[in-house]
Every structure is written in C-alpha cells, then in structure tokens.
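Everything on this sheet refers to the single structure shown next.
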Amino acid sequence: MLDTLAIRTRRTTASRLATRDEAPLEFGKLFSDHMFVVDYRDGEWQDAQIMPFGDMPVSPANSALHYGQAIFEGMKAYPTDGGGVALFRPLDNWARLNASAERMCMPAIPEELFMQGLKELVRLDAPWVPSVPGGALYIRPFMFATDGMLGVRPSDTYRFAVITCPVDLYYTKPLRVRFEQKYVRSAEGGAGFAKNAGNYGAAMYPTKLAQEEGYNQLIWTDASEHQYVEESGTMNIAFVIDGKLVTPALSTSILDGITRRSVLQLAHDLGVPVEERRVSSREIIAALEAGTLHEAFGVGTAATIAPIATIGYEGHDYELPAAAPDALSKRIGAALGAIRTGQAPDPHGWVVPVGE
Ligand SMILES: *Cc1c(COP(=O)(O)O)cnc(C)c1O
C-alpha cells in the first residue's frame, strides 16, 4: 500500500504565480502551477504524481470523448486565520466522487490516495490561494476513461487528476431564474445524482434559451409532471417559507450538494425548522402571491449562497423582496464563511487543514 502512495513530485521551473494578480480572476480560466495525476491500469491505481499543469495526450478513440465516461468534483480550499490553508468537507467530495464512479462503471479512488494527492497538491500550490477576503482555491478533481477503443463498454483504464484555480469572492447580482417546464436535466433512475460530464452538456441548450429570455438560470422541475422543483443550474435550491427552510428532498435526479447539507445543518443549529420534501412550482408561486415566500436562494460551492430576485413562471415574472440584513441566507452564509476560514469553531468537523 505504501508503494502506491508514494507520490512523485516534479516541480515547475516556470511558475506563473505572478500572473495571478494582473487582472480580476475570471472563474476557471487561470490554473495553479501544478496538477495531481494518477492512472488506473491492470486493476490498480499507479504512478501517482504531481507535475506542472499542462496538456494531457489522449487517444482519439478515448472512450470518455465518445461515450462520456467522465466524472468530476468541485470543492474549495480556504485561507485560514492562522495563516494556513484548509479544505472544506473533502471526505464528502471523496465519497460523492466514488458514488458517481459507481454509477458510471468507473473504479473507486481509495480515500488515502484522494486525500494525500489533494493535500500535497494544495500545500505545494498554497502561494496561489488568494488572501483577499472571500478568495479561495477552487479545486477540480476529475476522472475519465482512457481506453483507445470504440466499443461501447466500460473502459479498462482511467485517469484521475486534480487541477486548481484561484478564485475571488464570488459575487453575483441577485439572480433571475425561471421554472423549466419543457426540457429535463435528469429523471428518476437516471444519473442526475452523479456529477458526470454528460449531465452538463445536455443542460446547456435549455439554459441558453432561458438566458436569451433574460434569465440567468433555470429551476429544473421533475421529468414526469414538470411540477416539482429539483435544483437550479449547478446549485441546489432552498426557500424560506413562513420562517421555515424548505428544500426539495434528495432523489436519484438531484445532486446531493455538500453546500446544501451544510446549509441545512446550520439552519438546524440556528433553531430554524428545516423541511426536506417535495416542493411544487405552484406552492412557490402561491407563497409569492401570499407574501409568505421570504427568500429563495441557490446553494453550491462556487457561490455558496446565491440569492434569487426574480422567478419566472408561465410567462410571468414574480419579484421577491430584497434580502434584509438579517435574512436567513445572509446569516447562514456568514456562519459558513466563518467556519471555513477558522474564525468560528467547527463543531461538525468540516475543516481539514492541508498541513505545513
Ligand atoms: C455540484 C453541483 C451542485 C452543488 O454541490 P456542492 O457540493 O454544494 O458544490 C448542485 N447541483 C449540481 C447539478 C451540481 O453539479
């Protein structure tokens, strides 16, 4: 076991760190100096290495390109008050990656390999972690099939890699979203709970149509009745109705977000009633009309909490009240931020320092 965990490191001789502060960071465009790579062949993970970030040669018959055997994760490392860097709930990402892998007939990554590769990579590129308030290192672990073979069957070989990008405080104007009642992101029994590449490609067209109508994002509804709320883009969704935090219950068609989990836990800690259940678009519109829908927001790693200002339904736009300073979304966002950066105690054991 120790052999497979020896991670070879080849450091860059041409750091690009100085380019980080030249302009505001656009999400996902600038990558840190190094990446972690490990290959699966002959039934085991081997040749774990950290190397300079760069292109990877693949066969034109690579089965990830043809049949979409590709999965990913999204997580962040935060600068902590003590001058260190910490990961937020990395074991949850590890477990979810393996759940996605199982759904896509891909091999599981052992916990030690995932954690050690991640920690060594983030330690090495720690100078890339922005120290500006709200800044973080966005981390993208991913796995793809590497067989060069056109047969439609699970690949025998895979690559797992981790790349990282420095990101600024994620600020979005409150979102305009609309219920999607024609197209489907995923269906019960499908792969919507998995972070597999194909889910995202198929969502681009309906999202583009909504953007052409002036919305930022869709609220997906269930595939059979187009009535029940699922999630929004790459975020889960939550509502504050009559003082309760209400969010769609998980199913095979909804991604089990780690931010969602954290937000529900913190709401519970604040003594706010939490309901995970079916939520229909009609219920949301009725609550808007009755004035009992106080807040709606997306929750995900990129933005943490993205308030929603407008909800479109059957051709009509409904406006939400502007979030008050004591809005639940703001209190929870602040609590989460304080835990991540070590400014507040971490009662749930979510924060994992990468070490010196
Ligand atoms: C990644 C993702 C989320 C949010 O998950 P987090 O773990 O909170 O970042 C929600 N929905 C979809 C479809 C996603 O891909």
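The values are calculated or read from the model by the stated rules, or taken from the named source; none is laboratory data. As the structure is a prediction and not an experimental result, all values here were calculated from the model. Glycine gets a Cβ as well: all are built from the backbone with ideal geometry, and neighbour counts include every protein chain shown. Only protein heavy atoms, including side chains, enter the accessible area calculation; ligands, DNA and RNA are left aside. Shrake-Rupley method; radii C 1.70, N 1.55, O 1.52, S 1.80 Å.
The requirement of being touching a strand residue (DSSP E or B) at 6+ places or on another chain (Cβ under 6 Å), of a type in the set (A, V, I, L, M, F, W, C) and crowded, with 21+ Cβ neighbours inside 10 Å is satisfied by residue 267.
So, in the stretch 1-51, how many residues would count as being of a type in the set (Phe, Trp, Tyr) and either open to solvent by 30 Å² or more (accessible area, probe 1.4 Å) or without any contact (Cβ under 8 Å) to a residue 24 or more places away in the chain (or both)? Please lay out each step first, then the result.
Of the stretch 1-51, the ones of a type in the set (Phe, Trp, Tyr) are 27, 31, 36, 40, 45.
If we keep only those that are either open to solvent by 30 Å² or more (accessible area, probe 1.4 Å) or without any contact (Cβ under 8 Å) to a residue 24 or more places away in the chain (or both) too, we end up with 27, 31, 40.
Selection size over the stretch 1-51: 3.
Does residue 341 meet the test of being under 18 Å from the mean Cα position of the chain (by Cα), within 16 Å of residue 135 (Cα to Cα) and either exposed (fewer than 15 other Cβ atoms within 10 Å of the Cβ) or of a type in the set (S, T, N, Q) (or both)? Give the steps one after another, and end with the answer.
On the way: under 18 Å from the mean Cα position of the chain (by Cα): no; within 16 Å of residue 135 (Cα to Cα): yes; either exposed (fewer than 15 other Cβ atoms within 10 Å of the Cβ) or of a type in the set (S, T, N, Q) (or both): yes.
Here the answer is no, as residue 341 does not meet what is asked.
Restricting the stretch 151-167 to residues that are of a type in the set (S, T, N, Q) and open to solvent by less than 20 Å² (accessible area, probe 1.4 Å), which is farthest from residue 23 (Cα to Cα)? Among those that are of a type in the set (S, T, N, Q) and open to solvent by less than 20 Å² (accessible area, probe 1.4 Å), it is 155.
Identify, from the list 333, 355, the residue that is open to solvent by less than 70 Å² (accessible area, probe 1.4 Å) and at positive phi. Explain how you work it out, then say what you get.
Numbers: 333 fails: at positive phi.
None of the other options fit; the residue is 355.
For the stretch 285-299, check the following and say yes or no: at least one residue is of a type in the set (Phe, Trp, Tyr) and away from the ligand (no atom under 16 Å from the Cβ). Looking through the stretch 285-299, none of the residues is of a type in the set (Phe, Trp, Tyr) and away from the ligand (no atom under 16 Å from the Cβ). On the given criteria, is residue 276 within 16 Å of the ligand (Cβ to nearest atom) and buried (at least 21 other Cβ atoms within 10 Å of the Cβ)? In short, no.
Please find, within the stretch 185-206, the residue that is surrounded by the fewest Cβ atoms within 10 Å (Cβ to Cβ) out of those that are assigned to a helix (DSSP H, G or I) and within 9 Å of the ligand (Cβ to nearest atom).
Taking the stretch 185-206 first, the residues assigned to a helix (DSSP H, G or I) are 197-206.
Pick out the ones that are also within 9 Å of the ligand (Cβ to nearest atom) and you get 199-200, 203.
Values: 199: 20, 200: 14, 203: 19.
Here the residue is 200.
Give the stretch 84-103 a look and list any residue that's open to solvent by 10 Å² or more (accessible area, probe 1.4 Å), within 14 Å of the ligand (Cβ to nearest atom) and either basic (Lys, Arg) or not in a helix (DSSP H, G or I) (or both), or say none. Selection gives 88, 89, 96, 103. Being in the same structural domain as residue 155 (by TED's automatic domain parsing) and outside any strand (DSSP E or B) is true of residue 81. Tallying residues that are away from the ligand (no atom under 16 Å from the Cβ), under 30 Å from residue 77 (Cα atoms) and among the hydrophobic types (A, V, I, L, M, F, W, C) within the stretch 301-327 yields 4.
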